[in-house]
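Undergrad: Mind looking over this structure? Questions follow.
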Amino acid sequence: MAFFSRKKPDQAGQPQVDFSRLPAHVAIIMDGNGRWAKKRGLPRTAGHGAGAEAFRTIAYYCRDIGIPYLTVYAFSTENWRRPAEEVSAIMGLLKKYLLEVLEKMERDGFRVRFFGDLSPLSPDLRELCERSMERSKLVPPGHQVNICLNYGGRDEILRAVKAWEADVRAGRTSPEALTEEVLSGYLDTAGIPDPDLVIRPSGELRLSNFLPWQSAYAEFWFSDVLWPDFTPEVLDRALADFQRRDRRFGGV
């Protein structure tokens, strides 16, 4: 565990971050891998490899500074439309990462959870995801990484409504009992706080179906930095900006 003073010193214009006032939950759309590779004359698969290393760096940094929850958009329900070679490379990187996680998660203090519909994944990858989540129960609470895999926000809400409807039909609940809190309990994110800060690198200015329900009151931060170039220093800029904002949640 790294130790930090209350405020990180300002170095070469780097904004100060107050590490005693960090968001509890940061969510990131990991975008720009393909463009990063294209700029360097490399195949898109090389960009995903570089993006995986950026994810590793940011995950450990969030753990070290004390952010309890990190959620990343790894693969959307729409990403199946990409070339088969690219999809296969992404799944291969995920498998490699999960094998590493299973070996090190208890030592490094990570819990892992997956959001999305895992049923279309290959049996071996799905089994790795389920084993990672089961092993996470042995890790003390503190830092949890949530990986959105075959995830779409609208799909998540539809699955939640169908699960709630099944409970109504079975007599386990009633339509009158439905509230925002009740429906939230049927979402993939049940049991964890909504994101305080949603970050999207790569210059795009949209959510792309990422946590639409949970992000209703999140702060958004956009950057032109492509994901493989996203460093802890870039995250610090986002955190410092977040700390300057006045979050009123509809009040005054």
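Undergrad: Using modelled backbone amide H atoms (1.01 Å from N, in-plane), which distant-in-sequence or interchain residues come within less than 5 Å of Phe115's amide H?
TA: Those lying under 5 Å, H to H, from Phe115 are Ile147, Cys148, Leu149.
Undergrad: Let me know the Kirkwood hydrodynamic radius for the stretch 10-118, please, with Cα pairs as the basis and the value in Å to one decimal.
TA: The Cα-based Kirkwood calculation yields 15.8 Å.
Undergrad: Nearest 500 deg cm²/dmol is fine: what mean residue ellipticity at 222 nm does the chain get from its DSSP H runs of n ≥ 4 alone, each adding -39,500 (n - 2.57), divided by its residue count?
TA: Roughly -13500 deg cm²/dmol at 222 nm, from the helical runs in the chain.
Undergrad: Additional query: Could you work out which residue, out of Thr173, Thr57, Thr189, moves most in a Gaussian network model of the chain, that is, has the largest mean-square fluctuation with Cα springs under 10 Å?
TA: Most flexible of the set in this elastic network: Thr173.
Undergrad: Pop the C-beta distance of Leu102 and Ala177 into the FRET formula with R0 = 51 Å and round what comes out to the nearest 0.05.
TA: 0.85
Undergrad: Which is the longest part of the chain that has none of the GluC sites (Glu not before Pro) sitting in a DSSP loop with at most 16 other Cβ atoms within 10 Å?
TA: 79-203
Undergrad: Moving on. Given Lys39/Lys104; Lys38/Lys137; Lys38/Lys96; Lys96/Lys162, which pairs have Cα atoms separated by over 31 Å?
TA: Lys39/Lys104; Lys38/Lys137; Lys96/Lys162
Undergrad: Report for the chain the percent antiparallel among DSSP-assigned beta bridges with both residues inside it, nearest 5.
TA: Around 5 percent antiparallel, to the nearest 5.
Undergrad: What is the local net charge at Thr77, summed over the other residues whose Cβ is closer than 15 Å to its Cβ (Lys, Arg +1; Asp, Glu -1)?
TA: -1
Undergrad: Follow-up. If the label point is 7 Å along Cα→Cβ of Asp64, which residues in the stretch 105-125 have backbone nitrogen under 19 Å from it?
TA: Within reach of a label on Asp64: 105-111.
Undergrad: Around Gly142, under 9 Å between beta carbons, what's the net of Lys plus Arg minus Asp minus Glu among the other residues?
TA: Neighbour charge sum, excluding Gly142 itself: +2.
Undergrad: Then there is this: Bin all alpha-carbon pair distances of the stretch 100-203 at 10 Å intervals from 0 and give each bin's fraction as a whole percent.
TA: All Cα pairs considered, the percentages come to 12, 36, 35, 15, 2.
Undergrad: Modelling each spin label as a point 7 Å along the Cα-to-Cβ direction, I'd like the Glu53/Ala166 distance in nm, to one decimal.
TA: 4.3
Undergrad: Right, another one. What list of whole percents do you get for P(r) of the chain, with Cα-Cα distances grouped in 5 Å bins up to the one holding the largest distance?
TA: Bins of 5 Å from zero give 1, 6, 12, 16, 19, 17, 14, 8, 5, 2, 1, 0, 0 percent of pairs.
Undergrad: Report the Cα centroid-to-centroid distance between the stretch 126-168 and the stretch 23-76 in angstrom, as an integer.
TA: About 20 Å separates the Cα centre of the stretch 126-168 from the one of the stretch 23-76.
Undergrad: So if I take the centroid of the Cα atoms in the stretch 185-238 and the same for the stretch 92-110, what is the distance between those two points in Å?
TA: One Cα centre to the other: 23 Å.
Undergrad: Something else: I need the per residue convex hull volume for the stretch 141-252, using only the alpha carbons, in cubic angstrom as a whole number.
TA: It comes to 149 Å³ per residue, whole-number rounded.
Undergrad: Using the Cα centre of the chain as origin and beta-carbon charges of +1 (Lys, Arg) and -1 (Asp, Glu), tell me which of Leu70, Gly32, Ala160 is placed farthest towards the positive end of the dipole.
TA: The Cα lying farthest towards the positive end belongs to Gly32.
Read-outs: derived from the displayed coordinates by stated rules, not from any lab. Everything numeric in this text was worked out from a predicted model, so none of it was measured. We place every Cβ from the backbone using ideal geometry, glycine too, and count neighbours over all the protein chains shown.
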